[in-house]
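Below: the structure, in structure tokens.
The values are calculated or read from the model by the stated rules, or taken from the named source; none is laboratory data. Small disclaimer: the values here were computed from a predicted structure and weren't measured. For neighbour counting, all protein chains shown are included, and Cβ atoms are generated from backbone atoms with ideal geometry for every residue, glycine included. Side chains are part of the model used for accessible areas, which takes the heavy atoms of the whole protein and leaves out ligands, DNA and RNA. Shrake-Rupley method; radii C 1.70, N 1.55, O 1.52, S 1.80 Å.
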Amino acid sequence: MVDSGMAKILMIVSAADHVRLTDGTDHPTGFWAEELAESHRVLLAAGHTVDVATPDGVRPTVDAVSLDERGGVDPAEGARFRAYLESIDAQLSSPLKLSAVSAADYDALYLPGGHGPMTDLAFDAETGRLLKEADAQGKIIGALCHGLAALLSARKEDGSFAFAGRSMTSFSDAEEMQGGTGDKSPFFVESRLREEGATVTTAAPWSDQVVVDGNLITGQNPQSSVSTADRVNAALA
């Protein structure tokens, strides 16, 4: 990509630090380290500007499980993700407020996962506004894993899902049962998107899967982080 064409990307990150399970307990969570760190690194390496925004400008919380073996993360990889997050700590500690940004100022939106989006972004009016603005303007929308839950915030005037009929992937129901919150999950992202009218394609659990539908680029899971960011870069080029 030529220097004159470097893009501005808004990374929309959950500010939630828990998810309420169906048994009424709060499960600690946040954003998934690999999904934010690796995506940010790949987008930045392409020469793009990446801004981070959260609901009300609250500092996002990293899911502690996403940094160690409890989350199936190799210790060396966990250390690498932690180091990268520390390198962008100034940005993470003072994110933009979603209510104060406009999709018109960006070339792409990017939504990493972790269970956090199921608590806040999925129901956040400002997230919905930005997604609808970006889609109407043909801007690139990249979303990853549980970050797909954030799409549920985008509603048409009649309340229907703004991305109904679109092709996408997401963290799968099988993955949620194997390595997520299981049958206590407040909802299953894959099933909910399908119920809302999306065409959802998921690959075998924990395999690298990206689905592209026009300006919408979605990745299935943490293993798809780099591939999703690469596809966003390719679309911006």
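Can you name the residue in the stretch 172-183 that is in contact (Cβ under 8 Å) with a residue 40 or more places away in the chain and closer than 16 Å to residue 63 by Cβ and is also most open to solvent (accessible area, probe 1.4 Å) among such residues? Quick ask: steps written out before the conclusion?
Going residue by residue through the stretch 172-183, those that are in contact (Cβ under 8 Å) with a residue 40 or more places away in the chain are 172, 175, 179-181, 183.
Cutting the leftovers down to closer than 16 Å to residue 63 by Cβ gives us 175, 179-181.
On the way: 175: 0, 179: 52, 180: 33, 181: 18 Å².
So, considering only residues that are in contact (Cβ under 8 Å) with a residue 40 or more places away in the chain and closer than 16 Å to residue 63 by Cβ, the one most open to solvent (accessible area, probe 1.4 Å) is 179.
Looking only at the stretch 216-235, count how many residues are open to solvent by less than 30 Å² (accessible area, probe 1.4 Å) and in a helix (DSSP H, G or I). Quick ask: steps written out before the conclusion?
Step one: of the stretch 216-235, the residues open to solvent by less than 30 Å² (accessible area, probe 1.4 Å) are 216-222, 224-225, 228-229, 232-233.
Then keep just the ones that are in a helix (DSSP H, G or I); that gives 222, 224-225, 228-229, 232-233.
Residues meeting the conditions: 7.
Does the stretch 145-158 contain at least one residue that is assigned to a strand (DSSP E or B) and open to solvent by less than 50 Å² (accessible area, probe 1.4 Å)? Walk me through how you get there before you give the answer.
Of all residues in the stretch 145-158, those assigned to a strand (DSSP E or B) come to 155.
Now drop any that are not open to solvent by less than 50 Å² (accessible area, probe 1.4 Å), which leaves none.
No, the stretch 145-158 contains no residue that is assigned to a strand (DSSP E or B) and open to solvent by less than 50 Å² (accessible area, probe 1.4 Å).
Give the residue that is surrounded by the fewest Cβ atoms within 10 Å (Cβ to Cβ), with candidates limited to residues of the stretch 81-90 that are in contact (Cβ under 8 Å) with a residue 40 or more places away in the chain and in a helix (DSSP H, G or I).
Initially, the stretch 81-90 is screened for residues in contact (Cβ under 8 Å) with a residue 40 or more places away in the chain, giving 81-82, 84-85, 88.
In the following step, the residues that additionally are in a helix (DSSP H, G or I) were identified as 81-82, 84-85.
Working: 81: 23, 82: 16, 84: 18, 85: 19.
Going through the qualifying residues, I end up with 82.
For the stretch 103-112, check the following and say yes or no: at least one residue is on the phi > 0 side of the Ramachandran plot, small (Gly, Ala, Ser) and open to solvent by less than 10 Å² (accessible area, probe 1.4 Å). Spell out how you get there, then give the answer.
Of all residues in the stretch 103-112, those on the phi > 0 side of the Ramachandran plot come to none.
Scanning the stretch 103-112 turns up no residue that is on the phi > 0 side of the Ramachandran plot, small (Gly, Ala, Ser) and open to solvent by less than 10 Å² (accessible area, probe 1.4 Å).
Between residues in the stretch 209-220 that are at negative phi and residues that are among the acidic types (Asp, Glu) and surrounded by fewer than 20 Cβ atoms within 10 Å (Cβ to Cβ), which pairs lie under 7 Å by C-beta distance while being six or more apart or on different chains?
Pairs that qualify, where the first residue is at negative phi and the partner is among the acidic types (Asp, Glu) and surrounded by fewer than 20 Cβ atoms within 10 Å (Cβ to Cβ): there are none.
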